[in-house]
Amino acid sequence: MFVLMTLVIPKFKEVFQGLAEGAQLPAFTRFVMACSDLVKDHIVWTAAGVAAFVVLFMLFKSTKFGRHVWDKFKLKMPVVGPVISKSPSPASPAPSAPSSAAVSPSSRP
């Protein structure tokens with residue numbers, strides 16, 4: 001994402017400036033370009049903000065409520081949710097295999 005915001009989007013900005021020639025770009029395109037400028041011009045603050053978000057998210061996830069919210073979010077995700085809900089959880093018991101102790105000694109040849 002960093003490469004996209006600092007290298008790719010500014011190249012598109014140059015291309016769009018050459019194509020527009022007085023015409024105004026769509027609002028979302030201007031918004032993405034403004035975000036790119038913000039990230040590029042304030043890289044230290046951006047890195048600090050991302051680091052703070054990650055730390056706060058990990059702290060939130062370590063609480064019981066945060067874990068519940070995160071698990072609920074994962075189950076509602078469109079592609080991953082059904083896969084997660086059908087996979088066995090670590091808390092579910094494993095299927096038991098037949099034990100060799102169940103074989104009586106008289107049944108051996």
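The values are calculated or read from the model by the stated rules, or taken from the named source; none is laboratory data. Values in this document were obtained by computation on a predicted structure and should not be read as measured data. Methodologically, a virtual Cβ is constructed for each residue, glycine included, from the backbone with ideal geometry; neighbour enumeration extends over all protein chains shown.
Structural remarks
- Residues within region 19-58 that are surrounded by 10 or more Cβ atoms within 10 Å (Cβ to Cβ) and assigned to a loop (DSSP other than H, G, I, E, B), tallied: 2
- Condition met for LYS13 (at pLDDT 85 or above, in a helix (DSSP H, G or I) and surrounded by 11 or more Cβ atoms within 10 Å (Cβ to Cβ)): no
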